[in-house]
Amino acid sequence: MSKILIVAEHDGTTLNQATARAVTCARQIPAAHVTVAVFAADPAAVAAAAAALVGVDAVVTVAHAANASPLAATLAPQVVALASGYTHVFAASTAFGKDLLPRVAALLGVPQISDAMAVVGAYSFKRPTYAGNAIVTLEAPADRTLVATVRSASFEPAAQGGSAPISAATVTADLPTHTRFVGLSASPKSDRPDLASAAKVVSGGRALASKENFNIVYSLAGKMGAAVGASRAAVDAGYASNELQVGQTGKIIAPDLYVAVGISGAIQHLTGIKDAKTIVAINKDPEAPIFEVADFGLVADLFVAVPEIEKALG
Amino acid sequence: MRKILVGVKRVVDYNVRVRVKPDGSGVALEGVKMSVNPFDEIALEEALRIKERGEAAEVVAVSIGPDDAQQQLRTALAMGADRAILVKVTDAVDPLVASRVLTEIAKKENADLVILGKQAIDDDAAQTAPMVAALWGRPQATFASKIEINGATAVVTREVDAGLETIEVDLPAVFSADLRLNEPRYVKLPDIMKAKKKPLDVVEFASLGVAADVGLKTTFVEPPKPRAKGIVVKDVAELVDALKKKGLV
Ligand SMILES: Cc1cc2nc3c(=O)[nH]c(=O)nc-3n(C[C@H](O)[C@H](O)[C@H](O)COP(=O)(O)OP(=O)(O)OC[C@H]3O[C@@H](n4cnc5c(N)ncnc54)[C@H](O)[C@@H]3O)c2cc1C
Ligand SMILES: Cc1cc2nc3c(=O)[nH]c(=O)nc-3n(C[C@H](O)[C@H](O)[C@H](O)COP(=O)(O)OP(=O)(O)OC[C@H]3O[C@@H](n4cnc5c(N)ncnc54)[C@H](O)[C@@H]3O)c2cc1C
């Protein structure tokens, strides 16, 4: 039997949907027993949310004042202490998971499988390399802990309606003091859906040409109930904030609908959207590579076309 | 601070679209343009700026790779690194092995800071910086978009999913460079000439006493599933119609 420990991602009160997607990945492993671990200052709310996920067999909480901020240096030794007795340690392949799990793997002395996108067997997974242009099947030895991050875009979130038992664990680990949390400058919260999990996304590129113009993207997204994304060029130029970058080195997403506005379609960008069910591209250059992946392409000036679309949507 | 170590990985250039070999054994790399991993150029640029501010004395570029990785190290020297070390391997190494090597060198060199890329754009593993930090028992600050050195500590701003996180770490530490940390300088011709005279040590992997096997096996490599061919619509009305039919708007 595979005993899988998933490190929950949360902000202190809310469980991140990426964790529910990692649960779905874990459930695809034959005869899996799935435990979600919540490290927090006060884990109650997050633990309750994790226990309510279908497919979760148990939730363990590790309450510690040091767990108020998600620092890899303090979390990793606690995860390692908890990991004995488990065959697998998973986390979502988000900024949090990418920061934490390699530190856990190295402390355990095992390699890590990054961005698991398909389960081949209990110790074999597929993952993307070369900006998604080569899919590699990896096999890990069954006599060591398997550490992996799970590519959110490849798995649906586990459904609500579970009722797993919650228990508190105490772990004995030396917590380093060499790393200190100073602050988080969070991007202003909005009613807009979250980019990583949204069903619809409208993204803008360099063609928007200014931060003010980028409001065209926000406006269309608002009309459609979509999240907002951006190309690297738009983020570098300061039109959009960093966590909105979509692509190989930003967020990999799989919405039902992706609308690329004034984005050329560089391979690094396309990696981030290949799993979108429907891709719409609006670009004035008919030769732009984005049209190679678009289900619906519109060759037009975005400054004319986007307001027209908004009008047509009523 | 005396010394900054920077990782310089030789990777397929970011403009190349790689092809998977039909037999599923790997990707075709013969004759493909190779470059310094773009994140490593950013890491090196940051190290050079720290040195130029008078906050570090020496910048050492390290690559683990084949003999040809000397080309990428020469590029690093031309950018301004003081010297370079090539740890020679014949086969690609897993990030855990690369991390063991970099940790060995950080210890041997008594480095005060190690700056790596956030990820290498070939394997996209994004593991090495946290692994080196763990093996070395030092702090990590991954996805750095701003680094401020204050004597024995550093304040680092990190690009995380919720926005920008700031942490403070004791040095020595390991940082990984994100895209917005800086814009790397261009190499000028006279610098390329000068770089030829800078020291580049070649170390055999075997001489480091680092375990090479981590047990992970690549059993198959395949291309991604292609997307079905789409259509070009003639105007906004046709686009909105098509999306309505699919129930997407
Ligand atoms: C290491 C590395 C990592 C990277 N990671 C990422 C990543 O994660 N995500 C990412 O997106 N990129 C990434 N990139 C950058 C990538 O290579 C491209 O440079 C970037 O995606 C280009 O952004 P863009 O399409 O907005 O800009 P451009 O390529 O400049 O394209 C702008 C497009 O807008 C069109 N246009 C101009 N005006 C109009 C108009 N009025 N109406 C309609 N269309 C118009 C043009 O025809 C053009 O096609 C990375 C690059 C490197 C080296
Ligand atoms: C098709 C394919 C098949 C593979 N098969 C195998 C296999 O059979 N066995 C196996 O063990 N591995 C295999 N690999 C793994 C692969 O070669 C290494 O794991 C990978 O190169 C290291 O991961 P990364 O560079 O993505 O690390 P990342 O963690 O993404 O690198 C981040 C940073 O670490 C530093 N760094 C990393 N590597 C080096 C380096 N070599 N020199 C200097 N600095 C470095 C750089 O600063 C870099 O920016 C395979 C990879 C591919 C794509």
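Values computed for the structure shown
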read-out	value
Mean Cβ count within 10 Å, highest first, over the residues of peptides A:223-232, B:65-74, B:13-22	A:223-232, B:65-74, B:13-22
For peptides B:230-242, B:95-107, B:192-204, sequence by mean Cβ density within 10 Å, most packed first	B:95-107, B:230-242, B:192-204
Surface accessible to a 1.4 Å probe, per residue, for the residues of segment A:2-168, Å²	30 Å²
Shielding by other protein chains, A:291-301, mean Cβ within 10 Å	5
Label point at A:Ala186 placed 7 Å out along Cα→Cβ; residues across segment B:133-166 whose backbone nitrogen lies under 16 Å	B:160-166
Entries in A:Lys251/A:Lys277; B:Lys3/B:Lys107; B:Lys118/B:Lys225 that, when Cα-Cα distance is taken, lie over 21 Å	B:Lys118/B:Lys225
Percent accessible area from carbon and sulfur atoms, segment A:200-312, protein chains only, probe 1.4 Å	52 percent
Burial ranking of peptide ranges B:25-32, B:110-117 (average Cβ count within 10 Å, highest at the top)	B:110-117, B:25-32
Formal net charge of residues neighbouring B:Ala154 (Cβ-Cβ distance under 9 Å; K, R +1; D, E -1)	-3
Within segment A:173-199, backbone nitrogen closer than 20 Å to the virtual label 7 Å beyond the Cα of A:Lys277 toward Cβ	A:193-199
Neighbourhood charge, 13 Å Cβ-Cβ cut-off, centred on A:Val202 and excluding it, Lys, Arg +1 and Asp, Glu -1	+1
About the Cα centre, charge dipole magnitude for segment A:2-168 (Lys/Arg +1, Asp/Glu -1 at Cβ), debye	280 debye
Cα-centre dipole for the protein assembly as shown with unit charges at Cβ (Lys and Arg positive, Asp and Glu negative), debye to 20	440 debye
Residue-normalised accessible area of segment B:70-193, expressed per residue, 1.4 Å probe, Å²	34 Å²
Rg/Rh (Cα only; Kirkwood hydrodynamic radius) as it applies to chain B	1.06
Inter-site label distance for A:Thr14 and A:Gln160 at 7 Å from Cα along Cβ, in nm	1.3 nm
Dipole axis of chain A (+1 Lys, Arg; -1 Asp, Glu on Cβ), positive-most option in A:Ala233, A:Ala66, A:Val217	A:Ala66
Additional length obtainable on full extension of the chain from B:Asp91 to B:Ser207, 0.36 nm per residue less Cα span	40.2 nm
Estimated FRET transfer efficiency when R0 is 51 angstrom, pair A:Ala65-A:Phe303 (beta carbons, to 0.05)	0.45
Local electrostatic count at A:Tyr258 - Lys and Arg +1, Asp and Glu -1, tallied over other residues with Cβ under 11 Å	0
Förster radius 51 Å - calculated FRET efficiency between A:Asp256 and A:Asp143, Cβ distance, rounded to 0.05	0.75
Carbon plus sulfur fraction of accessible area for segment A:2-168, probe 1.4 Å, in percent	56 percent
Leading residue at positive end of dipole, the protein assembly as shown (Cβ point charges), from A:Ala207, A:Ser197, B:Ala228	B:Ala228
13 Å cut-off, amide nitrogen to a point 7 angstrom out along A:Asp57 Cα→Cβ, residues in segment A:1-41	A:1-6, A:26-36
Extreme residue, positive dipole direction of chain B, given options B:Val210, B:Leu181, B:Ala152 (C-beta unit charges)	B:Leu181
Partner chain coverage, peptide B:234-245 - average Cβ within 10 angstrom	5
At R0 = 45 Å, FRET efficiency that the Cβ-Cβ distance of B:Asp67 and A:Asp194 yields, to 0.05	0.45
Cα coordinate range in the protein assembly as shown, projected on the principal axes (Å, largest first)	67, 64, 50
Violating pairs (Cα-Cα greater than 30 angstrom) within the set A:Lys126/A:Lys211; B:Lys9/B:Lys196; A:Lys211/B:Lys229; A:Lys211/B:Lys245; A:Lys200/B:Lys33; A:Lys189/A:Lys311	A:Lys126/A:Lys211; A:Lys211/B:Lys229; A:Lys211/B:Lys245; A:Lys200/B:Lys33
Accessible area in square angstrom per residue, segment A:200-312, 1.4 angstrom probe	35 Å²
Between A and B, accessible area buried - total, square angstrom, nearest 100, 1.4 angstrom probe	6700 Å²
Within segment B:3-245: Cβ-based charge dipole about Cα centre, in debye rounded to nearest 20 (Lys, Arg +1; Asp, Glu -1)	580 debye
For B:217-230, mean number of other protein chain Cβ atoms within 10 Å	6
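The values are calculated or read from the model by the stated rules, or taken from the named source; none is laboratory data. Values in this document were obtained by computation on a predicted structure and should not be read as measured data. Because the Cβ atoms are built from the backbone with ideal geometry, glycine has one as well, and the counts that use them run over all protein chains shown. Just so you know, the surface numbers come from the protein's heavy atoms only, side chains and all, with ligands and any DNA or RNA stripped out. Shrake-Rupley method; radii C 1.70, N 1.55, O 1.52, S 1.80 Å.
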